[in-house]
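What follows is a set of notes on a single structure, which appears directly below.
The values are calculated or read from the model by the stated rules, or taken from the named source; none is laboratory data. These numbers come from a predicted model, not from an experiment. As a convention, Cβ positions derive from the backbone with ideal geometry for all residues, glycine included, and neighbour counts pool all protein chains shown.
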Amino acid sequence: MPKSQNIDPKIVRRSEYIEFGKIPVNQYNKTIGQEMKNYSVDDFIRIYRDMVIIREFETMLNLIKTTGEYSGISYNHPGPAHLSIGQEASAVGMAYNLSVDDYIFGSHRSHGEILAKGLSAITSLDGDTLYSIMKNYFGGNALKVVEKGFTGNIRELAINFLLYGALAEIFARENGFNKGLGGSMHAFFTPFGIYPNNAIVGGSGDISVGAALYKKINRKNGIIVCNIGDASSACGPVWEGICFATMDQYKTLWSGEYRGGLPLIFNFMNNLYGMGGQTAGETMGFGILARIGAGINPESMHAERVDGYNPLAVIDAFKRKKKIIEEKKGPVLLDTLTYRISGHSPSDASSYRSKEEIEAWQKEDSIISYGNRLIEAGIAGNGQLEEIRRQTGELMEHILNLAIDPRISPLLDLSKDPDIIGKMMFSNVSADKMEDGIPDVLMPLEENPRVRSIKTKERFYKDKDGKPVSRAKLFQLRDGLFEAIADRFYKDPTLAAWGEENRDWGGAFAVYRGLTEALPYHRLFNSPISEGAIVGTAIGYGMCGGRVIAEIMYCDFLGRCGDEVFNQLPKWQAMSGNLIRMPVIVRVSVGSKYGAQHSQDWTSLVAHIPGLKVVFPATPYDAKGLMNSALQGTDPVIFFESQRIYDTGEMFHEGGVPEGYYEIPFGDPDIKRKGEDITILTIGATLYTVIKAADILKEKYGVGAEIIDARTLVPFDYTKVLDSVKKTGKIVLASDASARGSFLKEMAQTITELAFDYLDAPPVVVGSRNWITPAYEMEQFFFPQPEWVIDAIHEKIIPLKGHRVINDFSPEKTLKLNREGV
Ligand SMILES: Cc1ncc(C[n+]2csc(CCOP(=O)(O)OP(=O)(O)O)c2C)c(N)n1
Ligand SMILES: [Mg+2]
């Protein structure tokens, strides 16, 4: 912990009570008359119109889903449509005062929020800006559709564009906001400040915190609104996101203009239900959701329940809360009370609620009651409101006709270009920095104590006389990582890093030692023990335009950020139609010596997930070069490091690790030792085990092994491996991952397919046991040993003269182990 903040036992041990301040519940009670000074007649009417547009849009979708028809137009939409009929006032109120610099994130039920935010942007932007946004979005394809024959003004055109872009997206059309790759639950449109909506309940809970960090760290205008459901308040990412967003350090340790709370509103769209579970009364214990704020920080997150059935109450709340955020006193929690009259989805039979309940809320319908209040206050006549509804109906018919016509709105043509989605999985951009500017640092890099100490180190494992260099004088793998990371901190002003014990401690494995002296808090900070939010916030930071390194202390903790690593990080580039970049590096350290929950190699799990680049260097030269490439790219990289070899020196690269900058391209395996008789392909630190095996093979059996270090799992160019196999006719694959289902098996299968004619025997996999990782004292029975490699070669490829087997690789044993599942 920071030495600047002493923890005084006299203070923390003293006796006292915690006092909770009052949390307002539905305190807004102004009449339209009292609000006259805050709104023009047009403003009042616009609020009504926006709610009607959302209602009609969703009514149309509901009818399409349930009857296959809207106003005589037939269509079959097989995909999802989670509607928010009843919740319009909360969406319009939320978006009313937001600018395009204010970003909203959402959930599976966010059509209304998208439209509300879009309509708000259309009102606030000038005509030229609006037109250029529409014209520049994917070559203006959506604009061309709505512009054809259009005679209205620019704002009306933009409304057509908004509705068409959203609907085409829901119907998976190429003209959709995300080329049809996002769809109903993920649609977004960043030029209007509409950021990803998330089909994983609570998924936005930590991503939006990262977006707020982006705003804060890069001094950008605007706030973030995280729109999530009431039931998501039980989700890990939401809880972790709240903890991450309310850390004391923003107000205590971050300095100068960076000091102060995050610009963020957690806005719970509280419709009182999950799918069918009632949050208040059944599945949660808070009674009133806003109570959550009370436990989080002394200001109770400025929590408040607001009546989301009254758009003016929500607008009023957002205005007040925005002020709190501008005073750097955020983040804020809003419990925006609303009700979903529609089912969870159109197939929902509403078996979990009574007809009377739905009818009671219908009686208080926000659109009808707001309309009546406008009429009573003399702001609008009945006819005028009816005309708005009629025009909206016509508009919806028009948009629906455009969105379902395959000639106007085709799907992505995968038969013409079957690789089209594949091309969108990665951005493959090379960028020194994500933004111009002077990086904020505390000292010149040359003066950094770690840099100075590294200067005195030997960059190759043997000195000029061929003698091994002592560990204290050796340039180690961790130094290679440090050099790449430090260099980028001085190049890219947006680069920030966080994780557990990253600051002061210097990272659990001393990779960051020296960075605390070099960087202010806002570029390197300690996070809560929230692996989900460590990665989730990095995702939000990356998608807004920053580069970031998140650190997961142990590979085994990947399970804690499973959703972020499997569902979020890999998906958003392609789900945006490849508009969004994701320069996020997740450093993951693979352990040993610490038993079952701290020593697992889970490279295979992440390599299985499309959309991630996966790297595992085993030498200082490779670690530095691959980290440089990771930091130069704009794609998500899971960067594995092994705790076995952080202090290893460079043994392979002639001349040792270069002092200057260099990159090692992803996907290019490296031949670490030449050989003629057998190929051994390794992943990670197992390289050193295999080197020992190769020495024995040579000395005892006269077999020359060619050792290839994969370096990267995804992408991977098989050329060198296939060339080697064509020469040797034999291959063993080895890594520390448990063998069953490992990436080695994937590689073995691919090699079999591509080099079958050249192989004398099937590729042989030598991985770890399918057990728990036992204590250090028993590890040699779990992780591959040099002798295992030799046993496997002897039993499965070529008998080695005079060899006595230690480890049984016979077919009988293989069958038995599989039968037993171990
Ligand atoms: C992690 C996860 N669990 C479960 C689901 C299935 N699911 C979709 S919506 C939903 C209810 C969410 O309730 P809430 O957060 O209140 O949002 P609402 O649907 O009411 O808008 C559930 C359980 C999911 N999509 N993601
Ligand atoms: Mg809900």
*What are the pairs, 6+ residues apart or on separate chains, where a residue within region 54-69 that is free of Cβ contacts under 8 Å to residues at least 40 places away in the same chain has its Cβ under 9 Å from a residue that is of a type in the set (Asp, Glu)?*
Leu63/Glu69
*Within region 180-202, count every residue that is part of a loop (DSSP other than H, G, I, E, B), closer than 18 Å to Gly112 by Cβ and within 16 Å of ligand 2 (Cβ to nearest atom).*
3
*Kindly provide the set of residues from region 297-314 that are within 30 Å of the chain's Cα centre (by Cα) and within 10 Å of Gly93 (Cα to Cα), ordered by number.*
Gly308, Val314
_Kindly evaluate Ala121 against the criterion of being within 23 Å of Leu400 (Cβ to Cβ), among the small types (Gly, Ala, Ser), within 16 Å of ligand 1 (Cβ to nearest atom) and crowded, with 24+ Cβ neighbours inside 10 Å._
no
*Matching entry among Ile358, Ile296, Ile341 (being over 17 Å from Ser84 (Cα atoms) and either acidic (Asp, Glu) or surrounded by 15 or more Cβ atoms within 10 Å (Cβ to Cβ) (or both))*: Ile296
*How do the pairs read when you match residues in region 249-272 that are in contact (Cβ under 8 Å) with a residue 60 or more places away in the chain and over 17 Å from Asp102 (Cβ atoms) with residues anywhere that are part of a helix (DSSP H, G or I) and within 12 Å of ligand 1 (Cβ to nearest atom), using Cβ under 7 Å and keeping only pairs 6 or more apart or on different chains?*
Phe268/Ser233; Phe268/Leu289; Asn270/Leu289
_Cβ pairs under 6 Å, 6+ apart, first in region 79-108 and in contact (Cβ under 8 Å) with a residue 60 or more places away in the chain and over 22 Å from Asn221 (Cα atoms), second within 13 Å of ligand 1 (Cβ to nearest atom) and of a type in the set (A, V, I, L, M, F, W, C)_ = Pro80/Met185; Ile85/Ile341; Gly86/Ile341; Ser90/Met269; Ser107/Ile228; His108/Met185; His108/Ala199
*Of the conditions (1) over 27 Å from Tyr75 (Cα atoms); (2) aliphatic (A, V, I, L, M); (3) surrounded by 23 or more Cβ atoms within 10 Å (Cβ to Cβ), Ala168 clears all except one; give me its number.*
(1)
_Give me the residue from region 775-787 that is assigned to a helix (DSSP H, G or I) and in contact (Cβ under 8 Å) with a residue 60 or more places away in the chain and, out of that set, nearest to Thr814 (Cα to Cα)._
Glu787
*With the condition kept exactly as written, say whether any residue in region 494-506 is modelled with pLDDT of 95 or more, over 27 Å from Tyr662 (Cα atoms) and among the hydroxyl-bearing types (Ser, Thr, Tyr).*
no
*Taking Ser342 as the residue in question, decide whether it is of a type in the set (Ser, Thr, Tyr) and more than 29 Å from the chain's Cα centre (by Cα).*
yes
*Give just the number: which of (1) under 26 Å from Leu130 (Cα atoms); (2) touching a Leu at 6+ places or on another chain (Cβ under 6 Å); (3) within 12 Å of ligand 1 (Cβ to nearest atom) does Glu174 not satisfy?*
(3)
*Quick one: in region 183-202, which of the residues that are closer than 17 Å to Val238 by Cβ and of a type outside the set (A, V, I, L, M, F, W, C) is nearest to ligand 1 (Cβ to nearest atom)?*
Gly202
_Among the residues of region 203-242, what is the count of those that are away from ligand 1 (no atom under 11 Å from the Cβ) and either of a type in the set (Phe, Trp, Tyr) or in a strand (DSSP E or B) (or both)?_
5
*Can we say Phe318 is within 14 Å of ligand 1 (Cβ to nearest atom) and in contact with a strand residue (DSSP E or B) (Cβ under 9 Å, 6 or more places away or on another chain)?*
no
_Quick test for you: out of Ile54, Ile114, Ile104, Ile133, pick the one residue that is hydrophobic (A, V, I, L, M, F, W, C) and over 26 Å from Met424 (Cα atoms)._
Ile54
*In region 715-746, what count of residues is obtained for those that are aliphatic (A, V, I, L, M) and more than 21 Å from Gly591 (Cα to Cα)?*
5
*asked:* Could you check region 80-94 and list, in sequence order, the residues that are away from ligand 2 (no atom under 14 Å from the Cβ) and more than 24 Å from the chain's Cα centre (by Cα)?
replied: Glu88, Ala89, Val92, Gly93, Met94
*Just one of the numbered conditions (1) of a type outside the set (D, E, K, R); (2) free of Cβ contacts under 8 Å to residues at least 60 places away in the same chain; (3) under 26 Å from His302 (Cα atoms) is not true of Asn26; which one?*
(2)
*Considering region 464-510 alone, what residues qualify as being closer than 20 Å to Gly542 by Cβ and touching a residue at least 60 places away in the same chain (Cβ under 8 Å)?*
Leu481, Ala484, Ile485, Asp487, Arg488, Asp492, Pro493, Thr494, Leu495, Ala496, Gly499
*Evaluate region 106-114: report whether one residue or more is in a helix (DSSP H, G or I), surrounded by fewer than 24 Cβ atoms within 10 Å (Cβ to Cβ) and not hydrophobic (A, V, I, L, M, F, W, C).*
no
*Output the number of residues of region 122-151 satisfying the condition of being of a type in the set (Asp, Glu) and on the phi > 0 side of the Ramachandran plot.*
0
*When only residues in region 251-283 that are under 16 Å from Tyr214 (Cβ atoms) and buried (at least 24 other Cβ atoms within 10 Å of the Cβ) count, which is nearest to ligand 2 (Cβ to nearest atom)?*
Ile265
*Of the residues Ser90, Ser132, which single one is out of contact with any strand residue (DSSP E or B) (no Cβ under 9 Å at 6 or more places or on another chain), part of a helix (DSSP H, G or I) and over 20 Å from Glu174 (Cβ atoms)?*
Ser132
*Qualifying residue in region 546-566 (condition: away from ligand 1 (no atom under 16 Å from the Cβ) and over 20 Å from Ile529 (Cα atoms))*: yes
*Taking region 803-822 only, how many residues are of a type outside the set (Lys, Arg), without any contact (Cβ under 8 Å) to a residue 24 or more places away in the chain and assigned to a loop (DSSP other than H, G, I, E, B)?*
5
*asked:* For the condition more than 16 Å from ligand 2 (Cβ to nearest atom) and either more than 22 Å from Trp498 (Cβ to Cβ) or β-branched (Val, Ile, Thr) (or both), what is the one hit in Ile292, Ile242?
replied: Ile242
_Per-region count, region 745-798, residues surrounded by fewer than 21 Cβ atoms within 10 Å (Cβ to Cβ), within 40 Å of the chain's Cα centre (by Cα) and hydroxyl-bearing (Ser, Thr, Tyr)_ = 3
*Candidate set: region 1-50, residues that are among the small types (Gly, Ala, Ser) and within 14 Å of Leu374 (Cβ to Cβ); chosen: the one farthest from the chain's Cα centre (by Cα)*: Gly33
*Hey, His111 farther than 23 Å from Ala313 by Cβ, at pLDDT 95 or above, within 16 Å of ligand 1 (Cβ to nearest atom) and within 25 Å of the chain's Cα centre (by Cα) or not*: no
